[in-house]
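The structure appears below as structure tokens.
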Amino acid sequence: MKIRNIRLGSLSVPLKKPFKTALRTVSEVTTNVVVVETEEGVCGYGEAPPTAVITGDTNGAIRGAVEERLRPLLSGRETDDLNSLLDIVDTALVHNASAKAAVDIALHDLWGKTLGRPLYELLGGTAREVETDYTISVNAPETMVKDSLEAVADGYSALKIKVGTDFHLDMQRLEEIRAAVGKHVLLRVDANQGWTPKEAIRTIRFLEDKGLDIELVEQPVKAHDFEGLKMVTDSVDTLILADESVFSVRDAFTVLSMRAADLINIKLMKTGGIRNAVAICGMARACGVECMIGAMMETKISVSAACHLASALPVITRADLDPPILCASDPVVGGATYRGSSVVPSGGAGLGIEKINGLVLE
């Protein structure tokens with residue numbers, strides 16, 4: 001079976017409410033959809049949202065990488081040697097992690113479809129339910145409390161709280177949310193690289209002294225500041241989760257060898273796809289470090305891939321896979337299923353995606 005073509009399309013899905021972090025505000029999920037087609041008409045799906053402030057990838061960069069480099073190199077090749085195809089994706093160009101991820105995901109989907117087996121099974125796992133947290137955007141404290149109570153009422157037992165750069169306002173937000181939701185709800189704080197190491201230590205110690213029982217703090221310092229990240233990790237009792245600090249397998253090696261963080265957040269748009277994510281999970285497992293599986297503002301295409309990965313690998317013990325929940329509609333037919341706070345991978349072949357409504361391919 002040979003690859004006939006790699007086609008691109010785009011999707012735009014409105015959010016139920018604006019998604020706000022310290023880095024950006026978005027009101028819809030916009031993404032580039034990659035479809036790898038075989039000569040027999042079998043299709044594998046992947047996607048790459050433009051997230052310039054995090055990955056550096058814009059729509060133009062993603063489309064250029066796929067159309068000018070990856071499509072010519074992969075078209076006409078046999079599909080049965082997945083690792084050789086993924087080697088081509090990895091080495092075709094530097095960086096461009098989101099474009100690589102889209103093609104990597106589509107090739108894994110195609111792999112499962114040609115073998116007639118779900119991806120989690122091919123990765124060595126079973127259909128394990130994945131419990132996702134729910135993200136609370138940065139807003140006025142009363143709005144964040146309201147959003148938190150609504151999420152808890154909907155069955156979410158873990159909340160990911162976005163914070164900004166105003167220490168006093170952030171502390172007010174967290175204190176009021178904790179008082180409102182009670183002690184049984186896990187609170188995860190995402191600083192989005194917003195603090196210096198000393199600010200992070202002071203802030204996290206304050207939270208500890210206040211008894212707010214924060215489960216973890218995600219990426220408290222700048223992505224490149226591995227030494228600062230380690231200083232924070234070594235100075236506080238709260239778990240520290242590395243997110244933007246870990247894009248590549250090499251980044252993961254650096255963080256793990258330095259013991260710079262307690263946990264690693266894996267996102268397929270950072271790692272360049274499933275294969276590198278599997279490699280990072282293997283390294284983390286060897287070091288006794290647990291992982292979270294996360295996502296950018298993506299549709300259910302790539303989130304389904306993340307769900308299959310989490311289902312297959314027990315080292316992934318936490319999940320932040322709520323972007324499809326935040327969307328006002330779901331154009332993806334098939335794929336992962338949401339049951340309250342649980343995400344379940346499809347038992348269909350590959351990712352289990354049957355079609356994508358509203359997708360117009362070029």
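Rule-based calculations on the coordinates, nothing more; no lab input. All of these numbers come straight from a predicted model, not from anything done at the bench. All Cβ positions, glycine included, derive from the backbone under ideal geometry; neighbour counts span all protein chains shown.
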(request) Would you be so kind as to identify which of G60, Y134, S304 lies farthest towards the positive end of the dipole of the chain, taking Lys and Arg as +1 and Asp and Glu as -1 on Cβ and the Cα centre as origin? (result) G60
(message) Quick check on the exposure proxy: order C287, C43, C307 from fewest to most C-beta atoms within 10 angstrom.
(response) C287, C43, C307
(request) Could you tell me which helices of the chain pass both thresholds, a Cα extent of 15 Å or more along their own axis and a mean Kyte-Doolittle hydropathy of at least 0.5, with helices taken as whole DSSP H runs? (result) 274-286, 300-312
(request) Please report the base-10 log of the normalised intensity I(q)/I(0) for the chain, using a Debye sum with one equal scatterer per alpha carbon and no solvent, at each q in 0.08, 0.10, 0.14 (1/Å). (result) -0.37, -0.58, -1.13
(request) Report the full-extension gain for the segment R339 to S75: residue separation times 0.36 nm, less the Cα-Cα distance, to one decimal in nm. (result) 91.2 nm
(message) How large is the Kirkwood hydrodynamic radius of region 158-223, counting all unique pairs of alpha carbons, in Å?
(response) 11.8
(message) Roughly how far apart, in whole Å, are the Cα centres of region 244-266 and region 268-292?
(response) 9
(message) Order these by the 10 Å Cβ neighbour count, fewest first: E362, E78, E208.
(response) E362, E78, E208
(message) 5 Å is the cut-off here: which amide hydrogens, built 1.01 Å from N in the peptide plane, fall below it relative to I136, excluding neighbours closer than 5 in sequence?
(response) K160, I161, K162
(message) Using a 7 Å offset from the Cα along the Cα-to-Cβ direction at both A279 and V94, what is the distance between the two label points in nm, to one decimal?
(response) 1.6
(message) How large are Rg and Dmax for region 3-116 when calculated on the C-alpha trace, in angstrom?
(response) 14.9, 47
(request) Can you find, among A200, T21, A260, the residue farthest towards the positive end of the dipole of the chain? Put +1 on the C-beta of Lys and Arg, -1 on that of Asp and Glu. (result) T21
(request) May I ask you to compute the full-extension gain from L169 to E362, defined as 0.36 nm times their residue separation minus their alpha-carbon distance, rounded to one decimal in nm? (result) 64.8 nm
(request) Would you kindly compute the Cα radius of gyration of region 137-264 and its largest Cα-Cα separation (Dmax), both in Å? (result) 14.5, 42
(message) Could you tell me the center-to-center distance, by alpha carbons, between region 310-328 and region 46-94 in angstrom?
(response) 23
(request) Please report the Cα spread of region 219-297 along all three principal axes, rounded to whole Å, starting with the longest. (result) 33, 29, 19
